[in-house]
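In what follows, a single structure is set out as structure tokens and then discussed.
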Amino acid sequence: MNKIAEKIISDASAKAEELVKEARMKAKVISDGALAEIRELERVAKAERATYAEGAMAAAKVSAELELKRRRLSAEKAVLDELYAAAEKEIAAMKKEEYLKIIEKMLSYADDGDEVLIAESDKARITEKFIKETAKKRGIALTLSKDSAPISGGVILKGKYADKNLSLSEDFRELRSETEPGIWRALFGKS
């Protein structure tokens, strides 16, 4: 071979080696960049998973705490429901003389000509005679209805223009709205 051909081959060979070397370096840079990008994506994904897991755990904890509070509140309300129901039953079951004093106070809200409705269970205790005597003391006319009211005790005054619900249930509903916060605090230590 002649020297020119050898020189061309040698230059071409050197150039080829240089291009291969350059290609390898570019491939390494690309590969290293891709690996760095993959590592960064893995780090971000891991952080997002951790954040998501923390968020899910926090949400689950909040949900569980809310459910616990809801159940506690429901149980506390049930205790108060039972307390007021028991008190209402105690009044309805009072001795006749004591119970009639309560009914007499209720009848102080009656207007002349009112009709008095009572619970079926009170028919033995609240008599026509009692109603007439109470009305006479007040200087008004009252009549005891032949019909009974769907109440546990107390009276309903059926008036010419308006009715008055003085049943034990209604009285205890009003009493509860006034006293429940204090009783709640006394029983459960909060309002």
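No lab work stands behind these numbers, since they all come straight from the coordinates. Just so you know, these numbers come straight off a predicted model, no measurement behind them. Note: ideal-geometry Cβ built from the backbone for every residue, glycine included; neighbour counts use all protein chains shown.
Just a few scattered comments:
- The shape of the chain can be summarised by an equivalent ellipsoid whose semi-axes, obtained from the alpha carbon gyration tensor, come to 99, 17, 11 Å from longest to shortest.
- Only beta bridges with both residues in the chain are counted; by DSSP, about 70 percent of them are antiparallel.
- For the range 151-166, 3J(HN,Hα) per residue [Karplus equation, 6.51 cos²θ - 1.76 cosθ + 1.60, θ = phi - 60°, Hz, x = Gly/Pro]: 10, 8, x, x, 9, 10, 9, 8, x, 5, 10, 8, 9, 10, 8, 10
- Note on the chain: with charges restricted to the Cβ of Lys and Arg (+1) and Asp and Glu (-1), its dipole about the Cα centre is near 320 debye.
- Under the span-like rule (Cα at least 24 Å along the axis, Kyte-Doolittle mean at least -1.0), DSSP H helices of the chain: 3-92, 168-188
- Value at 222 nm in deg cm²/dmol, rounded to 500, when DSSP H runs of n ≥ 4 in the chain each add -39,500 (n - 2.57): -25500 deg cm²/dmol
- Around the amide H of Leu144, modelled in the peptide plane, lie the amide H atoms of Val116, all under 5 Å away and 5 or more residues distant in sequence or on another chain.
- Whole-number percent relative contact order across the chain, with pairs defined as alpha carbons under 8 Å at least 6 apart: 16
- Residues whose amide H comes within less than 5 Å of that of Leu166, counting only those at least five positions distant or on another chain, are Val155, Ile156, Leu157 (H built at 1.01 Å from N in the peptide plane).
- Exposure proxy ranking, count of Cβ atoms within 10 Å, fewest first, for Met94, Met57: Met57, Met94
- Sorted peptide list for 170-180, 144-154, criterion being average Cβ within 10 angstrom, highest first: 144-154, 170-180
- Neighbour net charge for Arg39 - beta-carbon separation under 13 angstrom, K R +1, D E -1: -2
- Positive end of the dipole of the range 54-121 (Cβ unit charges, origin at the Cα centre): among Ala58, Leu68, Val79, the Cα lying farthest that way belongs to Ala58.
- As a calculated quantity, the FRET efficiency between Lys26 and Ala56 at R0 = 35 Å, using C-beta atoms, amounts to about 0.20.
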